[in-house]
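Asks: First, the structure itself, so that you have it in front of you.
Please treat every number below as a calculation from the coordinates, not as lab data. A quick note: this is a predicted structure, and the numbers were derived from the prediction, not measured. Backbone-built Cβ (ideal geometry, glycine too); neighbour counts: all protein chains shown.
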Amino acid sequence: MSDAEKVVADLRALSMYPGDVHDRAADLIAHQAARLEEVTERAVSAEAQARIWADHFKDAKAALTAAEAEKERLLRATTPSPATKAAYIGEFHFDWTVWDPNGEEQITHRVQVPWTTIKQIMAAIRSRAVLSPKKEQGA
């Protein structure tokens, strides 16, 4: 027996009201009980959906934070600074082959890429990667 049926049975037992009032009260209570059950189900469903969206939001926020951190790391790596100068000076070179003055022997020289050229390369990389530092520092 449902709670609504128990209430109706109690009302009838008291015989305080005529039968049609009991029937109407029973109908109203049953209707309200059904409505309450429906609303409760919808609320539980909405709460579950909200938890799902909260998890999606948390995952998206974590991905955005990771992407922003990666952008900052790439920006630092491609922005001229004392740290990047220390890291890249001497790192890049090319070989230049020439003949000796008599034209008998080839001589190969290892030439370091100048810092100004490295800064230009970093600027080109930032430009193509759409990384724009707030303030470029010359080093």
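Asks: Can you return the aspartates and glutamates within cross-link range of LYS58? Criterion is Cα-Cα under 17 Å, with same-chain partners fewer than 8 residues away left out.
Replies: GLU47, GLU68
Asks: Check the straight Cα-Cα distances from LYS71 and name the aspartates and glutamates below 16 Å, setting aside those fewer than 8 residues away within the same chain.
Replies: Reachable aspartates and glutamates: GLU136.
Asks: With the Cα gyration tensor of region 18-67 giving a ≥ b ≥ c as the square roots of its eigenvalues, does the rule (a/c under 1.5 for rounded; else a/b larger than b/c for prolate; else oblate) give rounded, prolate or oblate?
Replies: Details: a/c = 12.75, a/b = 10.12, b/c = 1.26.
Note, shape of region 18-67 comes out prolate.
Asks: Can you sort VAL44, VAL130 from fewest to most other Cβ atoms within 10 Å of each residue's own Cβ?
Replies: VAL130, VAL44
Asks: Return the tail of the calculated pair distribution for region 78-139, meaning the percent of Cα-Cα pairs more than 19 Å apart.
Replies: 46
Asks: Per 0.36 nm of contour for each residue apart, how much would the distance between ALA77 and MET1 grow if the chain were fully extended, relative to their Cα-Cα spacing?
Replies: 20.1 nm
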